[in-house]
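The values are calculated or read from the model by the stated rules, or taken from the named source; none is laboratory data. A quick note: this is a predicted structure, and the numbers were derived from the prediction, not measured. Backbone-built Cβ (ideal geometry, glycine too); neighbour counts: all protein chains shown. Remember, those area values only see protein heavy atoms, side chains included, never the ligands or the DNA or RNA. Shrake-Rupley method; radii C 1.70, N 1.55, O 1.52, S 1.80 Å.
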There are 2 protein chains.
Amino acid sequence: MRTITVALDAMGGDFGPHITVPAAVQALSIFPELKVILVGDESVLIPHLSTLGSYPNDRIHIEHTDRVIADTDKPSSVMRRSAGTSMRRAIDLVEEQTAQACVSGGNTGALMGLSRYRLKLLPGIERPALVSALPTRNGEKVWLLDLGANVSVNANTLFQFAVMGSALAEEHLHRSPRVAILNVGEEDIKGNDLVKDCAEMLQKTESINYIGFIEADQLLQDEADVVVCDGFVGNVCLKASEGVANLFLDRLKHHMLASKFRAWISKIIFSELFSELKQLNPDQYNGASLLGLRGIVIKSHGSADKTAIINAIIEAVHEVKRQVPSRISDRLETVLLERQN
Amino acid sequence: MRTITVALDAMGGDFGPHITVPAAVQALSIFPELKVILVGDESVLIPHLSTLGSYPNDRIHIEHTDRVIADTDKPSSVMRRSAGTSMRRAIDLVEEQTAQACVSGGNTGALMGLSRYRLKLLPGIERPALVSALPTRNGEKVWLLDLGANVSVNANTLFQFAVMGSALAEEHLHRSPRVAILNVGEEDIKGNDLVKDCAEMLQKTESINYIGFIEADQLLQDEADVVVCDGFVGNVCLKASEGVANLFLDRLKHHMLASKFRAWISKIIFSELFSELKQLNPDQYNGASLLGLRGIVIKSHGSADKTAIINAIIEAVHEVKRQVPSRISDRLETVLLERQN
């Protein structure tokens, strides 16, 4: 069994080592082949580890760093002064091939900038993209990208997102994924130049199963497997969906627990409803991948709890097993060849 | 009592006269001062009217037109060939001051283009914007604009949206509304040039109560009264919210009606939950206003049912009573004066 090593930015995210350390230890029990490198201040990490009792200490290591990148740091200043930070070191461990993937819940802009600078982009890719799989109404998944790595893009970049998303989804689905562009209407005349130009490129690309425009209210209806948009739109789409889902779940819980009788009745007859709705919340998943790099980088929510960090580590392991960067690279080569001919 | 006349594009929307005619008649019973002009093909409208039995026929008129604008017509071709269509005539009735407002569920691009061409923009406004009030978690409202009238805008236009939204919300709230810009993060460094440049303009404008950036998951949390964004982002945000809300309501209904016992129990203890969640669905309202024109134009959902059309007519009457265009004009003058000094 080949060892898979994941470098975890143990200082990143809103709660830091308080949850990253127990999450790392728990993830070890899921994959016997997993090793985790906790990257961060050892004077903080060691006490957290020691409170956990016994753990397979040959499969968990600490890589000491003194500094952290703050959420408020500008990407430009991060690039100049990243040496010695936990995020930079976690990425460097992937670059040095000591780890096969890294996971961080820190500053998204910094993570994208540093990953790009240290790991480099795949040939043919101009910008990395953040992608995540959202649950659809019938228990399937839809991969949405970009979720906020790029606040403005051109049609070429959006086209590359479609190629990358398609390669990622194909590894899960084992069939040619249906690829759509998020737009304000389904008709060809709708939308801005960005989506129209990208649609024209995708229509001409036979190796991508392009199905047309899709509106945001159809996103969870299993009408497409991959949906592409710029990072501003994708971020708003995801957060608006999470906002409504959380609001509805909150009100549901409030009504169900309004009295002992209701709580009792709800538990008997509506527990499956509650768990079904929780499953449908786009917020439930964690671990957006940064696609387009020569290495695997998983961005965890800043506010992720222990389960969410474990999910991000699971996603990292799956991407290593599926060799996502080389799959994307292969797919890109096919598409670029097709476009040249 | 001053008469208020609303011109209704009776052919617009997915269901046409089948629902616009009964909606118009029912709206008359809500406002004794209301007159409705049904604009469309009289050979279709008269039979629909005659099936309704008695109605105050001195308060309902038919303005005959032969043609309609299709949903798939390009705005550019609509502009050249709009004469004799129900939408064009409904707008013209406002231009001629025969009606004080018009309502249409037809092609959004055509409605915007024709309204702008016939009614003209208010001085200081470069683009009209579609705005709607969404329900917040605590029963308040948040006005979101633009919802899709402009798929790309500059910072000046976005600034004008903030001024218009603020004037509209102030008429409802009777206090200075909290104005925010929709962005991918709350920190000043987040976002694209559009939102950063607009933020700088709003920060310098004392007559607008600008509170900063807001993320899409906070939209329904009553943290702002007015939220501005470009029409592409606004449309995706609204539709993503509606999509999740409808999906959740659908699953809730499915579970509640899964057996007779459940339906009985649900009716007894969860009927208020269901109506509360329905109230929270952004889809429940109808009647987005096209702001920035020298007249009142209300866009109804294409798929609006009878109640939704009535809501759009109610919104038109309220805007006439509140003299929305002149309020916006006054507010703009104040802001422009402030920016000159």
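Among the residues that make up segment B:261-284, is at least one of them more than 11 Å from every other protein chain (Cβ to nearest Cβ) and either buried (at least 17 other Cβ atoms within 10 Å of the Cβ) or on the phi > 0 side of the Ramachandran plot (or both)? No, segment B:261-284 has no match at all.
For segment A:223-239, taking the residues that are among the acidic types (Asp, Glu) and touching a strand residue (DSSP E or B) at 6+ places or on another chain (Cβ under 7 Å), the one that is farthest from A:Val131 (Cα to Cα) is identified as A:Glu223.
Taking segment B:129-203 and the strands (runs of 3 or more DSSP E) fully enclosed by it, the elements with 2 or more residues that are over 16 Å from the mean Cα position of the chain (by Cα) and free of Cβ contacts under 8 Å to residues at least 60 places away in the same chain are at B:178-182.
Annotation: A:Pro123 fulfils all but one of (1) within 14 Å of another protein chain (Cβ to nearest Cβ); (2) open to solvent by 40 Å² or more (accessible area, probe 1.4 Å); (3) farther than 25 Å from B:Asn183 by Cα; the unmet one is (1). Only one of the listed residues (B:Gly165, B:Gly113, B:Gly148) is open to solvent by less than 30 Å² (accessible area, probe 1.4 Å) and away from chain A (no Cβ under 14 Å). That residue is B:Gly165. On the phi > 0 side of the Ramachandran plot, of a type in the set (Asp, Glu) and outside any helix (DSSP H, G or I) - does that describe any residue in segment B:214-229? Taking every residue of segment B:214-229 in turn, at least one turns out to be on the phi > 0 side of the Ramachandran plot, of a type in the set (Asp, Glu) and outside any helix (DSSP H, G or I). Of the residues examined, A:Val228 is one that is within 21 Å of A:Val335 (Cβ to Cβ), more than 8 Å from chain B (Cβ to nearest Cβ), touching a Gly at 6+ places or on another chain (Cβ under 9 Å) and not hydroxyl-bearing (Ser, Thr, Tyr). Applying the set (1) in a helix (DSSP H, G or I); (2) open to solvent by 10 Å² or more (accessible area, probe 1.4 Å) to A:Ala258 leaves exactly one unmet item: (1). Looking at segment B:243-259, can you tell me whether even one residue there is within 7 Å of chain A (Cβ to nearest Cβ) and within 30 Å of B:Leu114 (Cβ to Cβ)? The answer is yes, given that some residue of segment B:243-259 is within 7 Å of chain A (Cβ to nearest Cβ) and within 30 Å of B:Leu114 (Cβ to Cβ). Restricting A:Asp188, A:Asp217, A:Asp222, A:Asp193 to residues that are within 13 Å of chain B (Cβ to nearest Cβ), open to solvent by less than 40 Å² (accessible area, probe 1.4 Å) and not polar (S, T, N, Q) narrows the list to A:Asp222.
Would a scan of segment A:80-101 turn up a residue that is among the acidic types (Asp, Glu) and under 25 Å from B:Gly191 (Cα atoms)? Scanning segment A:80-101, I find no residue that is among the acidic types (Asp, Glu) and under 25 Å from B:Gly191 (Cα atoms), so the answer is no.
Checking each residue in segment B:318-333 for being open to solvent by less than 70 Å² (accessible area, probe 1.4 Å) and farther than 20 Å from B:Ile30 by Cβ picks out B:Pro325, B:Ser326, B:Ile328, B:Ser329, B:Arg331, B:Leu332. For the criterion of being more than 7 Å from chain B (Cβ to nearest Cβ), open to solvent by less than 10 Å² (accessible area, probe 1.4 Å), in contact with a Phe, Trp or Tyr (Cβ under 8 Å, 6 or more places away or on another chain) and modelled with pLDDT of 85 or more, A:Val233 fails.
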